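Shown next, in structure tokens, is the structure this report addresses.
The values are calculated or read from the model by the stated rules, or taken from the named source; none is laboratory data. Keep in mind that what you see is a predicted model, and the values were worked out from it rather than measured. Backbone-built Cβ (ideal geometry, glycine too); neighbour counts: all protein chains shown.
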Amino acid sequence: MKYLKIIIIALILSISGCATTGSQSPKQVAIESAKLFKFKDSHFIWIPSSSGLSGGLASMFVSSAGTDSPYVASLVQIMKSAKSNVVRIGVSGPNSSLTASIIISALENTPGELRNLHLAFIGFREHEAEVRAAVKAKGGEFLFSETKRS
């Protein structure tokens with residue numbers, strides 16, 4: 001059953017999309033992320049999506065899947081290091097709602113405080129507050145850059 005859930009989630013993520021997508025390429029956003037961190041060592045994660053299900057529906061599945069989502073699991077692994085080391089992560093993708101949900105789910109699935117976490121969300125302004133609140137609740141530092149709409 002667990003594998004079926006993973007396959008369904010992967011399928012949803014591969015076909016998920018939204019009418020409100022960002023127009024910047026992964027390379028452009030990676031550069032923006034590096035600028036936010038003043039070019040200090042950092043990770044950058046691009047959450048891909050394509051046309052298909054709405055961002056809200058895909059986000060709902062991500063939230064219920066937790067670490068069964070490969071993107072959530074990857075972020076959790078990176079975030080765990082923020083308990084003892086400074087960890088800088090920039091996260092973006094063409095579907096800002098989905099990206100925000102993945103970040104929030106990863107934070108919810110990472111136990112304890114993350115005072116050494118510096119997370120940059122590159123997305124739409126309407127998703128900023130919820131991601132900011134989730135990062136701050138863990139004791140981390142939040143950075144934001146608004147992406148252009150396509």
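A few notes on this one:
Okay, residues lined up against (1) acidic (Asp, Glu); (2) surrounded by 24 or more Cβ atoms within 10 Å (Cβ to Cβ); (3) over 17 Å from Ala133 (Cβ atoms):
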residue	(1), (2), (3)
Val72	no, yes, yes
Lys80	no, no, yes
Ser84	no, no, yes
Ser92	no, yes, yes
Ser101	no, yes, no
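- Conditions (1) at pLDDT 90 or above; (2) within 22 Å of Glu32 (Cα to Cα); (3) over 12 Å from the mean Cα position of the chain (by Cα); (4) not in a helix (DSSP H, G or I): number failed by Val91: (3)
- For region 112-119, the condition holds for at least one residue, the condition being that it is within 16 Å of Ile47 (Cα to Cα) and either in contact with a Leu (Cβ under 8 Å, 6 or more places away or on another chain) or of a type outside the set (Gly, Ala, Ser) (or both).
- Every residue from region 94-137 that is out of contact with any helix residue (DSSP H, G or I) (no Cβ under 8 Å at 6 or more places or on another chain), in a loop (DSSP other than H, G, I, E, B) and more than 22 Å from Ile31 (Cα to Cα): Pro111
- Verdict on Arg125 being touching a His at 6+ places or on another chain (Cβ under 7 Å) and either modelled with pLDDT of 95 or more or aromatic (Phe, Trp, Tyr) (or both): no
- Note on region 105-142: among residues that are surrounded by fewer than 15 Cβ atoms within 10 Å (Cβ to Cβ) and basic (Lys, Arg), the one that is farthest from Lys80 (Cα to Cα) is Arg125.
- Put simply, of Ser145, Ser59, Ser96, Ser64 the only residue that is hydroxyl-bearing (Ser, Thr, Tyr), in contact with a strand residue (DSSP E or B) (Cβ under 7 Å, 6 or more places away or on another chain) and modelled with pLDDT under 95 is Ser96.
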